[in-house]
Amino acid sequence: MSEPSDTHPGALGPVARSWRNWAGDQSCAPAAVERPVTIEQLRACVERAAHAGGRVRVAGSGHSFSDIACTDGVMVSLDRMTAVLDVDPAAGLARVQAGITIRELGRALREHGLALENVGDIDAQTIAGAISTATHGTGARLRNLAAQVSELRLVLADGSTLACSEEADAEVWRAARVSLGALGAIAEVTLRCVPAFTLHAVDAPLPLADVLERFEELALGNDHFEFFVFPHCDVALTRTNNRTEQEPRPPSRSSAYVNDVLLTNRAFELFCRAGRRFPGQIPRFNRLVTALAGRRERVDDSGAIFASPRLVRFTEMEYALPRAATPAAVRAVLDLIARRGFAVPFPIEVRSVAPDDAFLSTAYGRESGYVAVHMYRGMRWEPYFRAVESLMDELDGRPHWGKRHFQTAATLRGRYPEWDRFQAVRARLDPSGRFANRWTDRVLGPSVAEVPV
């Protein structure tokens, strides 16, 4: 994410500046940028915007691929709200400011003998951004990050604060955990943690046909299971992570650099660049990359196992499906690529998550599988993504809120049983649409009243 210039805590910055996401393909020019350090400064930011009659959007680390954070109003950056406020190891609770990244949070929790039970393979997101978009890891018996939240503290459109918990107001609580930034600005998050644990990780290539046939068995038979498959290949690159009582054996710095940076990122980027220049050779390149992937085992702290460096820039779309439909979806995407001749140098990624009860969670009320498609930077992604989305529509797919999709409020309402209950909470907490932008206008529909912009 490019950082706005000439800003300072709690005050409006100069009028003209630009903001860009991690992938570099979403940008905007906010009228002003605020960078509060405390909840009091965050309240003042929102109050100033309200007084000026403008809209507000909160930006985390910019790791969403959609334009969810973009605004021509006031952008509030959380990059200075990163403090750990309180940790109670006995109760397994940690209260943090909303701008702390998952990486920073994991390090702080380890110092207290705690961990998050499940996170994704990218740890650069802020905790507020991750929960607001229903970001998830993988584990058929484990829920997403938002389901690990015990309490949220929101700054509302008038600058007041609201403590959100199941005990205080269950309706607000079920809306606020996956809020898409549309209810208010998350200032603080209290998380339910587990004792720190070690994972035994095994990366292994297996026949794709077998993995698809056994997907349910593999998902339920491991604490965490996912796989990748490159188009035009019949081998799945599987990853299983299971808890172990073994002592962590972290790799040496040089070994980690060779595997995680040189091979996984630098070499892969060379193949992607070659594929972008010579798209007709992508099937050959994909088969070569798959052939070079060997078996690898690691035993390490959970945070070190979950997270992987992501140095190759790309854009992404991901859909949540009924878990039983996941193998058919993967087959359909691979067939689509071959049939339509799409040049795709990135693998398809497949994961699973347990159901939860947040109104707009992509895993709301059902055992879910996730199918993600990617495109390397500088390559045409839209025809491919639109074609994949058509397949996902037929399977009752729900798009990941932080990734690309082409849905609207009209096409999404029927996919979420509690859609109207979320909208009722939105109307109660932000009736004038102070926290709206063009993305929410499209995806959630207009607020109760228009905010002049």
Problem set entry | Sparse-neighbourhood loop sites, trypsin sites (Lys or Arg not before Pro) in the stretch 96-176 - DSSP loop, at most 15 other Cβ within 10 angstrom | 141
Problem set entry | For the chain, alpha-carbon Rg over 2.2 N^0.38 Å | 0.95
Problem set entry | HN-Hα J in Hz across the stretch 96-109 - Karplus 6.51, -1.76, 1.60, θ = phi - 60°, x for Gly and Pro | 9, 6, 5, x, 5, 7, 4, 5, 5, 5, x, 5, 5, 5
Problem set entry | Value of relative contact order over the stretch 101-203, rounded to a whole percent, pairs C-alpha under 8 Å and six or more apart | 30
Problem set entry | Simple Cβ-charge dipole of the chain, Lys/Arg +1 and Asp/Glu -1, about Cα centre, in debye nearest 20 | 1440
Seminar exercise, completed: In terms of the alpha carbon gyration tensor, root eigenvalues a ≥ b ≥ c, rounded if a/c is under 1.5 and otherwise prolate when a/b exceeds b/c or oblate, the stretch 141-288 is prolate
Seminar exercise, completed: At the level of C-alpha centres, the distance separating the stretch 324-364 and the stretch 172-187, in angstrom, is 26
Seminar exercise, completed: Those cysteines in the chain that have no second cysteine Cβ within a distance under 4.7 Å are 45, 164, 193, 233, 272
Exercise. If you roll a 1.4 Å probe over the heavy atoms of the protein chains, what accessible area per residue do you get for the stretch 27-169, in Å²?
Worked result: 34
For this session: Choose one of 93, 69, 147: the residue whose Cα lies farthest towards the positive end of the charge dipole of the stretch 23-175 (beta-carbon charges +1 Lys, Arg; -1 Asp, Glu; about the Cα centre).
Result: 69
For this session: Specify whether the C-alpha gyration tensor of the stretch 18-133 places it in the rounded, prolate or oblate class, a ≥ b ≥ c being the square roots of the eigenvalues: rounded for a/c under 1.5, otherwise prolate if a/b is larger than b/c and oblate if not.
Result: oblate
Exercise. Pulled fully out, how much extra length does the chain show between residue 335 and residue 166, if you take 0.36 nm times their separation in residues and subtract their Cα-Cα distance?
Worked result: 56.4 nm
Exercise. Using unit Cβ charges (K, R positive; D, E negative) and no other charged atoms, how large, in debye to the nearest 20, is the dipole of the stretch 126-265 about its Cα centre?
Worked result: 280
Problem set entry | the chain, relative contact order in percent, only Cα pairs under 8 angstrom and at least six apart counted | 17
Seminar exercise, completed: Carbon and sulfur atoms account, in whole percent of the 1.4 Å probe accessible area of the chain, for 52
Exercise. Using the Karplus equation 6.51 cos²θ - 1.76 cosθ + 1.60 (θ = phi - 60°), what ³J(HN,Hα) coupling, rounded to whole Hz, does each residue of the stretch 300-312 give in order, writing x for Gly and Pro?
Worked result: 7, 3, 4, x, 5, 6, 4, 8, 10, x, 10, 9, 8
For this session: May I ask you to evaluate 6.51 cos²θ - 1.76 cosθ + 1.60, the Karplus curve with θ = phi - 60°, for each residue of the stretch 142-148 and list the ³J(HN,Hα) values in order in whole Hz, giving x for glycine and proline?
Result: 10, 9, 6, 4, 4, 6, 8
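The values are calculated or read from the model by the stated rules, or taken from the named source; none is laboratory data. Here the structure is a predicted model, which is why all the values come from computation and not from measurement. Positions of Cβ are backbone-derived with ideal geometry, glycine not excepted, and every protein chain shown enters the neighbour counts. Side chains are part of the model used for accessible areas, which takes the heavy atoms of the whole protein and leaves out ligands, DNA and RNA. Shrake-Rupley method; radii C 1.70, N 1.55, O 1.52, S 1.80 Å.
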